[in-house]
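Below is one structure, written out as structure tokens; the observations come after it.
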Protein chains: 2
Amino acid sequence: MRASKRDELVREALGIFYREGFHATGMDRLAAETGISKTTMFKHFHSKEELILAVLRLRDQNFRNWLFRRMEEAGAPRAQLSAMFDALAEWFAEPGFRSCMFIKAASEYPDPHHPIHTQAAEHKRLLFLQLQKIAADAGAQDPAALARALLLLKEGAIVTAHLGHEADPAGDAKAAAEKVISAALDHPQA
Amino acid sequence: MRASKRDELVREALGIFYREGFHATGMDRLAAETGISKTTMFKHFHSKEELILAVLRLRDQNFRNWLFRRMEEAGAPRAQLSAMFDALAEWFAEPGFRSCMFIKAASEYPDPHHPIHTQAAEHKRLLFLQLQKIAADAGAQDPAALARALLLLKEGAIVTAHLGHEADPAGDAKAAAEKVISAALDHPQA
DNA sequence: CTCAAGGTGAACAGATCGGTACATATTGGA
DNA sequence: TCCAATATGTACCGATCTGTTCACCTTGAG
């Protein structure tokens, strides 16, 4: 049972911050909703900021594990790349979907030097690295460029799914991605 | 000088909310930084939420005017479409760039039914309508689909410019956009 | 049994939150 | 000159914010 309350707190805080926002969620409310006493919360994390950083670390692991596992199920590297957008479609369809936790974190802590902002940026960097690797396996001539293009579409789809009126942003992104992927794989421009 | 203080307040609040965030900026601080008394602020806007809505309306006008004017300078409709990403590049290069005000608003007010959230969504809808029109003028067979794809790239570029480590998200988006545009215009799939 | 680690509840601190009350200027037109 | 509109400063309200203090409870290992 070592540090079980700590993990429980991080797990529950993740859901509440995601639904309500960071500034909008006070530590008192967090204590009330999780059933964990404020005393304990501040024993594990010396500040709200530390708790948020822990939440973001957990979210980073959860999300990357989920996404890349879904992608691996598609088989060949090239299929994995477009399968990313099928996974996104599933995510968007979940009733509790409220955009990307890291985009939200960066929005609420806009200063690029703020620890929370840099931690959110780190998530995007790790996503890029894994995607770049798959792009290389798929035979892309410029894996980094392909990974960047696909990430643009992914972020755009997330924002649009949360903010727009569009019916199927993930489908739109997938359609655009297919063109970008085949341009990068089928017609190596050299 | 009718209602000049009101406009001045909205204009200054726009900058402060954009830099600091909505929840993070209190009405007291707003009064202190703008030099406008709290009494006056609450005479013009009965709540912080009303002020934020006014700020978003102003931002919507400013941004759309700026963007579409920049695009029109490019001449022909097709050139306008890719010129959007040149305009974005200029924006990202500004020292004060901190992502899109509407993405931030939606992040801080994640409930899709919240007035601030819906107002932010309205901005994206207006962007879509204008872009769709240009896509139609450019001869796209499915202007709505092309507009959606380009908006995905635009939102993705904004998020990445704010959150990522990438050197030139606008350039990446433009490159991807060129492929999508030519697929939609040069090879009508029918 | 004992003792330390981890958890609890409740009260508290000082600051800030959104928002109001009230009495006092300043100003431009009739 | 007088009035109405607009703005001001200051103090205040109750609630909530992050964070602390302290005395007490539970539990498992030696």
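The values are calculated or read from the model by the stated rules, or taken from the named source; none is laboratory data. All values derive from a computational prediction rather than experimental measurement. Cβ sites come from the backbone with ideal geometry, for glycine too, and all protein chains shown count toward neighbours.
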(request) Would you be able to say whether some residue in region A:18-38 is over 25 Å from B:Glu108 (Cβ atoms) and within 13 Å of DNA strand D (Cβ to nearest atom)? (result) yes
(request) For residues that are within 16 Å of DNA strand D (Cβ to nearest atom) and within 14 Å of chain B (Cβ to nearest Cβ), scanning just region A:44-100, find the one that is nearest to A:Glu122 (Cα to Cα). (result) A:Leu56
(request) Kindly check whether there is at least one residue in region A:45-54 that is farther than 23 Å from A:Thr25 by Cβ and among the charged types (D, E, K, R). (result) no
(message) Of the conditions (1) without any contact (Cβ under 8 Å) to a residue 40 or more places away in the chain; (2) farther than 30 Å from B:Leu150 by Cβ, B:Glu49 satisfies every one except a single condition; which number is it?
(response) (1)
(request) Can you work out which of the residues in region B:149-190 that are free of Cβ contacts under 8 Å to residues at least 60 places away in the same chain and within 14 Å of the chain's Cα centre (by Cα) is surrounded by the most Cβ atoms within 10 Å (Cβ to Cβ)? (result) B:Leu152
(request) For region A:27-42, state whether one or more residues are under 21 Å from the mean Cα position of the chain (by Cα) and not charged (D, E, K, R). (result) no
(request) Considering only residues that are crowded, with 17+ Cβ neighbours inside 10 Å and among the charged types (D, E, K, R), look in region A:6-48 and name the one that is modelled with the lowest pLDDT. (result) A:Arg6
(request) Give just the number: which of (1) in a helix (DSSP H, G or I); (2) within 16 Å of DNA strand C (Cβ to nearest atom) does B:Gln61 not satisfy? (result) (2)
(request) Mind listing just one residue for me: the one in region B:125-144 that is under 22 Å from B:Phe102 (Cα atoms) and among the polar types (S, T, N, Q) and, of those, farthest from the other protein chains (Cβ to nearest Cβ)? (result) B:Gln130
(request) Hey, can you tell me all the residues within region A:102-120 that are buried (at least 22 other Cβ atoms within 10 Å of the Cβ) and not aromatic (Phe, Trp, Tyr)? (result) A:Ile103, A:Lys104, A:Ala105, A:Ala106, A:Ser107, A:Glu108, A:Ala120
(request) Determine whether A:Ala79 is surrounded by fewer than 18 Cβ atoms within 10 Å (Cβ to Cβ), part of a helix (DSSP H, G or I) and of a type outside the set (Ser, Thr, Tyr). (result) yes
(message) Tell me whether region A:168-177 contains one or more residues that are within 7 Å of chain B (Cβ to nearest Cβ), touching a Lys or Arg at 6+ places or on another chain (Cβ under 6 Å) and closer than 15 Å to A:Ala79 by Cα.
(response) no
(message) Residues that are more than 9 Å from every other protein chain (Cβ to nearest Cβ) and of a type in the set (Asp, Glu): does region A:153-166 have at least one?
(response) no
(message) Restricting to region A:1-32, name every residue that is touching a residue at least 60 places away in the same chain (Cβ under 8 Å) and near DNA strand C (Cβ under 10 Å from one of its atoms).
(response) A:His23
(request) Can you tell me which residue among B:Lys38, B:Lys104, B:Lys48 is out of contact with any Phe, Trp or Tyr (no Cβ under 9 Å at 6 or more places or on another chain) and of a type outside the set (Val, Ile, Thr)? (result) B:Lys38
(message) Given the options B:Leu146, B:Leu129, name the one that is surrounded by 17 or more Cβ atoms within 10 Å (Cβ to Cβ) and within 30 Å of A:Ala183 (Cβ to Cβ).
(response) B:Leu146
